[in-house]
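Colleague: One structure coming up, written as structure tokens, with questions to follow.
Read-outs: derived from the displayed coordinates by stated rules, not from any lab. It should be emphasised that the depicted structure is a prediction, and the values quoted were computed from it without experimental measurement. Methodologically, a virtual Cβ is constructed for each residue, glycine included, from the backbone with ideal geometry; neighbour enumeration extends over all protein chains shown.
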Amino acid sequence: MSWEFPPLVTPSVFLGSPSDVKDLREGVRRQLDELIDKMADDHGVRPFLWEWSGDHIRDDYLPQYPHDRPYQASVPLPAGPNCVAAIFLFGERIGSALPPDFNTAPIDGTPANVSAHPLIRYWRKDVPENGFPLTGSTFEYLVAEMASTPRLVVFLGDEYSLQSDEHVLDQNWGLNLLKNQCESKNYEESDRWRTEEGIPQRTALRNFFRYIKQDRATPVEIAPSKEKALEIIRDFLVSKLQIGEPGRINPFRGLTPYDVGDNRTFFGRDSLRKLIVGSIRSLAENGLPERRPFFRIFGGSGSGKSSLMRAGVIGHLSSPLTLGNWVAHVTRPSDLASSDTTKNETDVLLPLYLDCLAGITRDDHRTEDERATDRARALKDLRIVSPEHRAATAVERLVEALDARRGLEGKGPWRLVLGISLRSAWKR
């Protein structure tokens, strides 16, 4: 059976999990809302939970589908331009198997088909020792994996137990909350849970856990408590996705101008920022081929031009939360026209190209230190090239990086935004 899945209609952090960790998923939703409320520029990002409806979800967010289709068919996919990231939570269950005729086109070619811990489309309770079924949660994860959506997976339990080869009922999956609850009942109900739920669900979940651990692009965390899980997820949201205000950043800068990294704490220029960003997007998408998109911000000395450009505009466009693929560089005319006669003139553009190269090849799961290391490595490689060919080589590598990343994130073509900061005397 084939059908189209509805799209996410707003920039969203997709929260997925089986029903046994529903309370934790709701806790993540509240935490995410609190972090978003602290941001000067939230990029319109909202949490998405398939079962939750609130002020941030439009009435048509979940279109109604015919009753002959599974409810999963009405849930948007954790992929595409509006999916900022996906967070998956697991406890003791992997979920219920989707019907055999479920539309799996979004995961065609998934590496799970040929994994040592493979996806099993036609799943029975006596699941093979090494495989896992296609459930709502595993389907959503595989979609995010295929789309290269930034993602995090958190399992409740203790690390030693989950990675051991003990019998699954002896492992601490989901802090054993369901197991303890069921074993407190009479013998018949407890035995029925072990046979029909406990063993098949935990076996499949362990196989899925081992499959995910093979994917180095996916951060997999094991949390010994719900509090620790929330802490891990908060760190992912703040440091990796730049959602919320890190405690170390002081929004009151005094006479110090704001820079690109201060986008989350640059308050008070919302209307101007939206106007300028909208104009730049329109120029980039609808401009004439023979004219380069250009937008000028001008004003008196000390009026905040540089801060608006750097933190408001460039910071917005270069954020991992923004729609589209933008790589940014901020410079001054003096940086582009060196008066130092001892310096080769082909070197003055290298900082621009290196900055763009680092931005294009950035991985949302890497740290700033790792990105700085890549930048230093790129500079070292370019220094080997003869001076007269250095700038051209940098441009070639920049184009190669753009081509290599084209279409991977499903967010459209890559664009360069160059901010040039002038003194007020230069404005005419």
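Colleague: How far apart, in nm, are two points set 7 Å out from the Cα along the Cα-to-Cβ line at LEU177 and at LYS228?
Modeller: Going from the LEU177 label point to the LYS228 one covers 1.5 nm.
Colleague: Under the classification rounded if a/c is under 1.5, otherwise prolate if a/b is larger than b/c and oblate if not, where does segment 127-251 fall, given a ≥ b ≥ c as square roots of the Cα gyration tensor eigenvalues?
Modeller: Prolate, since a/c reaches 1.5 and a/b exceeds b/c.
Colleague: For ALA372 paired with HIS167, estimate the spin-label separation in nm (one decimal), with each label point 7 Å from Cα along the Cα-to-Cβ line.
Modeller: 5.2 nm
Colleague: Computed FRET efficiency, Cβ-Cβ of ALA217 and LYS185, R0 30 Å: what is it to the nearest 0.05?
Modeller: So, using R0 = 30 Å, E works out to roughly 0.10.
Colleague: Please give the contour-minus-distance gain from ASN130 to GLU159: 0.36 nm per residue of separation, less the Cα-Cα distance, rounded to one decimal in nm. Show your work: numbers first, answer last.
Modeller: On the way: separation 29, 0.36 × 29 = 10.44 nm, distance 1.96 nm.
Between ASN130 and GLU159, full extension yields an extra 8.5 nm.
Colleague: Provide the gained length on full extension for the span ARG296 to LEU418, in nm with one decimal, where the gain is 0.36 nm per separating residue minus the Cα-Cα distance.
Modeller: 42.7 nm
Colleague: How much length is gained on full extension from ARG194 to ASN113, taking 0.36 nm per residue of separation minus their Cα-Cα distance?
Modeller: Stretched out fully, the ARG194 to ASN113 stretch lengthens by 26.3 nm.
Colleague: In nm, to one decimal, how far is the modelled label at GLU26 from the one at ARG383, with both set 7 Å along Cα→Cβ?
Modeller: If labels sit at GLU26 and ARG383, their model points lie 5.7 nm apart.
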